[in-house]
Amino acid sequence: DVKVTQSSRYLVKRTGEKVFLECVQDMDHENMFWYRQDPGLGLRLIYFSYDVKMKEKGDIPEGYSVSREKKERFSLILESASTNQTSMYLCASSLGGVAKNIQYFGAGTRLSVL
Amino acid sequence: LAKTTQPISMDSYEGQEVNITCSHNNIATNDYITWYQQFPSQGPRFIIQGYKTKVTNEVASLFIPADRKSSTLSLPRVSLSDTAVYYCLVGAVNSNYQLIWGAGTKLIIKP
C-alpha cells in the first residue's frame, strides 16, 4: 500500500513563527500536493510539484512556500505564521499520466496559530 | 473557470443504493472525474475515476453521461460504515495542474 506520512498530527505555533510541515511518500510518485481543508470550503490546493525542484502554485499560495529537494519529500513552509493559517493541512502524492488525479493522502496536520 | 457542485448532505438507510451527483458544466476535454471518501480525522481516500460512460470497481460505480456535464457516484447496499463525506474532483491529467474539488457531500447512513 502507498504510504504518505506527515510529520505531525497536531502543531501549535505562535504568530510570526516560521513553520515547516513535512511530507514523505514511499511509492516513488512523481506528483506531490499540499492542500488546506477548512469547514465548508472543502480542499484548496496550495502548491503542486511534478518533479524534484519543480513546483506550481495552486489556488491559494499566498503566505506559503514549498521545497522538494528529493522525490519522496515535499515540505510546506509558512514563512511567518498568521492566525488565518490555522487549518488542517493535507499532503498527497500520485503517479503521472491518467493516474495523476488518483491521489494518496496523509492523515493531515492540524495547525493552530495563536 | 470550471466549478463542481454537489449536494451538501444526504441521508439513506442500510442496505439501500445511494447515488450522489456532481455537476461540472464547464468540464474540459482533458478532464477526468475522480471521487473520494473522507472519514473524520483522516485524509480523503480514492474511490473511483472515470472519463465517460460507466466505470465499476469492487466498491462503487461511476456513471458519466455523454455530455460529461455531471457524474453520479453509486454505492450499492450501503452500511453504517459508509457514513462519510464524499468529494468529486475534476481535473486534467496532462501537464495542466488545474484541479477543481467539490465542497463535499456528507452522507449519513441510518440503521
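The values are calculated or read from the model by the stated rules, or taken from the named source; none is laboratory data. Everything quoted here is computed from the prediction, not taken from an experiment. The area values use the complete protein model at the heavy-atom level, side chains included, leaving out ligands, DNA and RNA. Shrake-Rupley method; radii C 1.70, N 1.55, O 1.52, S 1.80 Å.
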request  = Just need log10 I(q)/I(0) for the protein assembly as shown at q = 0.17 Å⁻¹, Debye formula, equal scatterers on the alpha-carbon atoms, no solvent, rounded to two decimals.
outcome  = -1.22
task = Would you mind checking the pairs A:Lys57/B:Lys69; A:Lys13/A:Lys55; A:Lys100/B:Lys52; B:Lys3/B:Lys69; A:Lys55/A:Lys100; B:Lys54/B:Lys106 and listing those with alpha carbons more than 21 angstrom apart?
result = A:Lys57/B:Lys69; A:Lys13/A:Lys55; B:Lys54/B:Lys106
request  = Would you list which aspartates and glutamates come within 16 Å of A:Lys3, measuring only between C-alpha atoms, while excluding same-chain residues fewer than 8 positions from it?
outcome  = A:Glu22, A:Asp26, A:Asp28, A:Glu30, A:Glu72
Radius of gyration, Dmax [chain A; alpha carbons; angstrom] = 13.2, 41
task = Can you sort B:Ile48, B:Ile108 by 1.4 Å-probe accessible area, starting with the largest?
result = B:Ile108, B:Ile48
inquiry  = Taking θ = phi - 60°, what integer Hz values does the Karplus form 6.51 cos²θ - 1.76 cosθ + 1.60 yield along region B:78-87, in sequence order, with x for Gly and Pro?
reply    = 5, 10, 4, 6, 7, 4, 5, 9, 10, 10
Phi-based couplings in Hz for region B:100-106 (Karplus 6.51, -1.76, 1.60; Gly and Pro marked x) = 10, 9, x, 7, x, 10, 7
query = Once the whole set of protein chains is in place, how much accessible area is left on A:Ser82, using a 1.4 Å probe, in Å² to the nearest 10?
reply = 40 Å²
note = Partner lysines whose C-alpha sits under 17 Å from that of A:Lys53, ignoring same-chain residues fewer than 8 away, are A:Lys70, A:Lys71
Relative counts (whole %) of C-alpha pair distances in region B:10-101, using bins that are 5 Å wide = 3, 13, 25, 23, 19, 11, 5, 1, 0
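Largest first, how would A:Glu79, A:Glu22, A:Glu30, B:Glu58 line up by accessible area (1.4 Å probe)?
Most to least solvent-accessible, the answer reads B:Glu58, A:Glu79, A:Glu30, A:Glu22.
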